[in-house]
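Read-outs throughout are calculated quantities, based only on the coordinates presented, and are distinct from any laboratory measurement. In this text the structure is predicted, and so the values were computed from the model without any measurement. Because the Cβ atoms are built from the backbone with ideal geometry, glycine has one as well, and the counts that use them run over all protein chains shown.
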Amino acid sequence: MARTPPPRVAVFKFASCDGCQLSLLDCEDELLAVAGAVEIANFREASSAVADGPYDLAIVEGSLTTEHDIALAKEVRAESKFLVAIGACATAGGIQALRNFGDVAEFARAVYARPEYIATLASSTPISAHVPVDFELRGCPINKHQLLEVVSAFLADRAPNVPSESVCVECKRRGTVCVVVARGTPCLGPVTHTGCGAICPSYARGCYGCFGPQDTPNTPSLVRRLEQLGMAPTEVVRVFRTFNAGAPAFRAASEAEERAEAASR
């Protein structure tokens, strides 16, 4: 009787810092258990062995910033049964999406001695802007336990059990005193996706929005509260333009604040 071949998993990187792939490698004992049940067909961060598709599951890190990136993403999608985007870069364009608010040609001229050799797009976009994505796992970097849950879910043909609530819910579970109420500290927790364990508020610091917007973020309400706490419009714009600047909800909030400031002049 022929043995059923193990599921084939591939990991691909685009424009990113590799932090999310390192989160996968940091799983250590758990990764060994997963590796024993699957074939790691392509994972250049961990192995020089590269096998062509098709793949049962493709895990993709990084944003798309060149025409070559877009073409490769389409190839990966065509070769994969399921495609999961991991991290702020792959799900929202990453910190490099700050280019979306400026002139990339001007940036290149300022940074490079020979900018004519730089081949890049005017914007940094998430994977989902170009190909269908089966699941987006947020974070900068991602939560390794959530990643293991997502991988296990897709290999078992079930829906991932990853909560979509806000960081405020995590604070309540931990018994962390609200830094906004108790200290008047600006915090993006009410509009930010859970997953970090509410690390910053537990050290009396406001949330920086590393996991991007939660599913139903009320950013206009939060903006009003940030202004009540004394934040100038330029500061409000800045807090929404970090790791997830290109996420639609955060981008809309920062652009609305810019328009409001311009109208008040």
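If I fit a long axis through the Cα atoms of helix 67-79 and take the longest principal axis of the Cα atoms of the chain, what angle between them do I get, 0 to 90°, rounded to 10? Once rounded, the angle reads 50 degrees. Give the calculated FRET efficiency between Gln228 and Ser164 to the nearest 0.05, with a Förster radius of 25 Å applied to their Cβ-Cβ distance. The formula returns an efficiency of 0.40 here.
Note on Rg/Rh (Cα atoms, Kirkwood Rh): of the candidates (1) 0.93; (2) 1.01; (3) 0.96, the value calculated from this structure sits at (2). Mind running the shape call on the range 158-211? Use the C-alpha gyration tensor, a ≥ b ≥ c as the square roots of the eigenvalues: rounded below 1.5 for a/c, prolate if a/b tops b/c, oblate otherwise. It is prolate, given that a/c is not under 1.5 and a/b is the larger ratio.
The chymotrypsin sites (Phe, Trp or Tyr not before Pro) of the range 89-141 that DSSP puts in a loop, and whose beta carbon has at most 12 other beta carbons within 10 Å, are Tyr112. Shown is the FRET efficiency for Glu116 and Arg205, computed with R0 = 45 Å from the Cβ-Cβ distance and rounded to the nearest 0.05: 0.55. The modelled label-to-label distance for the pair Glu28/Thr185, using points 7 Å beyond Cα in the direction of Cβ, is 2.9 nm. Per the Debye calculation on the range 167-264 with a single equal scatterer at every Cα and no solvent contribution, log₁₀ I(q)/I(0) for q = 0.12, 0.15 Å⁻¹ amounts to -0.34, -0.53. Scanning the chain for GluC sites (Glu not before Pro) lying in DSSP loops with no more than 16 further Cβ atoms inside 10 Å, the longest uninterrupted stretch between such sites is 46-164.
Nearest 0.05, what FRET efficiency do Asn218 and Ala129 give at R0 = 22 Å with Cβ-Cβ as r? For R0 = 22 Å, the calculated efficiency reads 0.35. Against the longest principal axis of the chain, how steep is helix 219-228, in degrees 0 to 90 to the nearest 10, with axes from Cα atoms? Once rounded, one gets 40 degrees. The ellipsoid that matches the Cα gyration tensor of the range 114-238 has semi-axes, each √(5λ) in whole angstrom, of 28, 24, 12, with the longest given first. Computed from backbone phi with θ = phi - 60° and the Karplus coefficients 6.51, -1.76 and 1.60, the 3J(HN,Hα) list for the range 241-254 is 10, 10, 5, 10, 4, x, 4, x, 5, 6, 5, 4, 5, 5 Hz; x is used for glycine and proline. Only Cα pairs under 8 Å and 6+ residues apart enter the sum, and on that basis the relative contact order of the range 167-264 stands at 23 percent.
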